[in-house]
Amino acid sequence: MMLVKTESVSAECRQLNTGENITLLVTLERDLEEKTEVGPVSASRYPKAKEEGWWLVVGDTKSTNQLLAIKRVFLQRKSSVKLEFAASAQPGKKTYTLYLMCDSYLGCDQEYSFCVHVKDSADPCEDGMIRE
């Protein structure tokens, strides 16, 4: 079983300016006994030993149906992955989805939704100053 921890994903919305970079830090950890080793994938028809790979994909499935970030990870026990993508150019509440997909086994894929509140970068801040 795969345990997923994220720093930027939370129940509350995060506030960002339009076009600002979003950094999503994802920690993947295998639920294994302490001394258990991870071996190659059991794939008898594959021509050589295959290592289990995971794809981390961030997409905007609600409004634009766009792929925003993608990264492939080979995981033994624990790994931290940083995914970066630009916030929407349109202000408002945006819901994104993080997909975790295994390239070797069926039924392991997971998905997590998170949201950010994107505000117009030309809007004045609480102190009345305009951000650059």
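The values are calculated or read from the model by the stated rules, or taken from the named source; none is laboratory data. This is a predicted model, so every value here is computed, not measured. Cβ atoms come from the backbone with ideal geometry, glycine included; neighbour counts cover every protein chain shown.
Listed here are the residues, each with its yes/no results for (1) under 30 Å from Asn17 (Cα atoms); (2) touching a Gly at 6+ places or on another chain (Cβ under 9 Å).
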| residue | (1), (2) |
| --- | --- |
| Glu29 | no, no |
| Leu32 | no, no |
| Trp54 | no, no |
| Gly59 | yes, no |
| Ser79 | yes, no |
| Glu84 | yes, no |
| Pro91 | yes, no |
| Tyr99 | yes, yes |
| Leu106 | no, no |
Subset tally (residues that are exposed (fewer than 13 other Cβ atoms within 10 Å of the Cβ) and not in a strand (DSSP E or B)) for segment 99-119
3
So, in segment 78-98, exactly how many residues are polar (S, T, N, Q) and either within 15 Å of Gly59 (Cα to Cα) or surrounded by 14 or more Cβ atoms within 10 Å (Cβ to Cβ) (or both)?
4
Filter segment 60-77 down to residues that are under 30 Å from Leu32 (Cα atoms) and surrounded by 12 or more Cβ atoms within 10 Å (Cβ to Cβ), then give me how many there are.
7
Residue pairs meeting the criteria (Cβ under 6 Å; at least 6 apart or on separate chains; first under 20 Å from Leu28 (Cβ atoms) and in contact (Cβ under 8 Å) with a residue 24 or more places away in the chain, in segment 41-67; second small (Gly, Ala, Ser) and exposed (fewer than 15 other Cβ atoms within 10 Å of the Cβ))
Lys50/Ala43
Suppose we filter segment 1-52 for residues that are of a type in the set (A, V, I, L, M), surrounded by fewer than 11 Cβ atoms within 10 Å (Cβ to Cβ) and modelled with pLDDT of 75 or more; how many remain?
1
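Inspect segment 64-86 for any residue being more than 16 Å from the chain's Cα centre (by Cα), modelled with pLDDT under 90 and within 16 Å of Cys115 (Cβ to Cβ) and give the result as yes or no. Can you show your working first?
Residues of segment 64-86 more than 16 Å from the chain's Cα centre (by Cα): 64, 76-77.
From what is left, the residues that are modelled with pLDDT under 90 are 64, 76-77.
Checking the rest, the ones that are also within 16 Å of Cys115 (Cβ to Cβ) come to 64.
Yes.
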